[in-house]
Amino acid sequence: MDFDKHIHFYVEEEEAKQILICVIAISLAFTIVYAGLNAAVKHPKSFLFFTALSVVTVGSGFILHEMAHKLVAIYYGAYARFQMWVQGLMIMFITSFFGFLFAAPGAVYIYSPRITKKENGLISIVGPIVNIVIALVFLGLENIRPVKFFFPFFGEPLHVWDFGAKINIVLALFNMLPMFPLDGSKVFVWNKIIWFGFIVLSLGFGYFVFQSIDIVVMWGILLLVSLIMSRAFIR
Ligand SMILES: [Zn+2]
């Protein structure tokens, strides 16, 4: 990409505030899923520490993913801004109490008089690409400088970088499901071969990092569910 002088990557104060709220919220909800709400009462210090680690592993994956969308959208001449979604924030916390994370606290909204399918596809795919890059960085850190912590709510010590890598692979794969409004739906509409290639590489990478076929099976089930749901909703 050649970045010329027309590109102004600028984060407004209100936007920065909303990003900060969402990063903290997603890290907290993630901690509730992993440690359980019980841990907040029984081991408050460990709970807070795990939330801080979640900012590093999950929060970073979230914010860099969204900022990548914004950067490429601005590159294509659009106005792009992160907007918090209060209902999404609430749904995220409610699902976290039930042990799973529906992470949709907000997204980058793009305003442009004209954006092509290709541009929209590229704006979309860059988010999951960023998560894969972060996963690779974490995997490198795991090999160079592993960090382990013991938490009373886990049976075994947590390898922080390995954990961060896994979370970012899941983030990339989830966002690439071909279901509106997820990134995958726009990539799928733009170029099915690129969408498929990305999925195959990410699943292969996931299989290598998780050392288990479960990630492939689970993504396959989610794909099936999203196909059934899009048939049910799009007529
Ligand atoms: Zn995205």
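Values quoted throughout were computed directly from the atomic coordinates according to the rules given, and no laboratory measurement underlies them. Treat the numbers as computed from the prediction; the structure is a model and nothing was measured. Counting neighbours? That spans all protein chains shown, and the Cβs are built from the backbone with ideal geometry, glycine included.
Here are a few things to note about the model shown:
- For Lys166, the lysines whose Cα falls under 17 Å of its own Cα, not counting residues fewer than eight places away in the same chain, are Lys148.
- Here the Gaussian network model covers the chain, with springs between Cα atoms less than 10 Å apart; of Gly121, Gly77, Gly164, Gly77 fluctuates the most.
- The ranking of Asp214, Asp162, Asp183 from fewest to most other beta carbons within 10 Å of each one's beta carbon is Asp214, Asp162, Asp183.
- Inter-site label distance for Phe97 and Val11 at 7 Å from Cα along Cβ, in nm: 3.1
- Cα long-axis angle, helix 60-75 against the chain (0 to 90 degrees, to the nearest 10): 10
- Measuring r between the beta carbons of Ile115 and Asn191 and using R0 = 22 Å, the FRET efficiency lands at 0.90.
- Each label was represented as a point 7 Å from its Cα along the Cα-to-Cβ direction; for Gln83 and Leu37 these points are 3.0 nm apart.
- Net length gained if the chain between Leu227 and Phe154 were fully extended (0.36 nm per residue, minus Cα distance): 22.8 nm
- Stokes-Einstein D in µm²/s, Kirkwood radius over Cα pairs - the stretch 13-233 at 4 °C with 1.567 mPa s viscosity: 71
- Partner aspartates and glutamates whose Cα lies under 15 Å from the Cα of Lys70, excluding those fewer than 8 positions away in the same chain, are identified as Glu12, Glu15, Glu119, Asp183.
- Between 0 and 90°, nearest 10: helix 44-54 axis offset from the chain longest Cα axis: 30
- Value of [θ]222 nm, deg cm²/dmol, for the chain, DSSP H segments ≥ 4, -39500 (n - 2.57) each, nearest 500: -22500 deg cm²/dmol
- Just checking the listed ones, Asn131, Asn38, Asn120: in the Gaussian network model of the chain with Cα springs under 10 Å, the one fluctuating most is Asn38.
- Interchain or long-range residues, amide H under 5 Å from Phe82's placed H: Tyr109
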